[in-house]
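Nothing in this text is a laboratory measurement; each read-out follows from the coordinates by a stated rule. This structure is a prediction, so every number in the text was calculated from the model and none was measured. Glycine gets a Cβ as well: all are built from the backbone with ideal geometry, and neighbour counts include every protein chain shown.
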Amino acid sequence: MLECGDTAARDSYLAKINAASTAAARTSAAIEAGLFTCSICAQVCESGAKLAKHIQGAHPNATAQGLANCGVAKCPDPSCTTLYCLVTATDCSSRCHMYTHFKSFSGRYASGSHAAIERTAGSVTAMCHAAAAEARCLARPGTPGSMLTVGKGSSTAEARLAGGHATAAAAAAAIRSATKGADGAIRPADTLNTMPAADFDLSVM
């Protein structure tokens, strides 16, 4: 497996964060390590969610390289404009902002496009690992993105990335096709009528 990013720097800040005894101390160590600092304008943020919100508002035209440098990525759902932070170091369960974002949407819109992409990709955890692996390899050395971790299963992150992108793209294409009206306009996925016809044989499911 190709090891991308700043391994020594990553190991150093992870040791400090893991040594912290409280959530506040872990966050403080992450801020000190520069994990929540915008690589575009040097704005220091207090959390990953606030970093993503800052970039979305202050740098709406940020390039893929710029997002990767900040350790931030776009939602893979083409109908969603949310940015999320991929840093997991301060979360006791090693989950990033992307995980929270997907789970909240999947819970509220079980028939929507977020849930469809999650089901097709296999799991949100695999998608998080894949997104972090991609950003880490794209990010410039010394930036927060170059110090991202991919958690458990990092040895197969590249495989998850390739498979996750293919399945997410297929799901997105199917959703766009299914929600396109006769006038060519795309409708929200959660407005689809998923009720089977009265004469549909449920025994084939």
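Observations, loosely collected:
- Estimated from the Cβ-Cβ distance and a Förster radius of 35 angstrom, the FRET efficiency linking Thr63 and Thr100 is about 0.90.
- Residue separation of Ala20 and Thr81 scaled by 0.36 nm, minus their Cα-Cα distance, works out to 18.5 nm of gained length.
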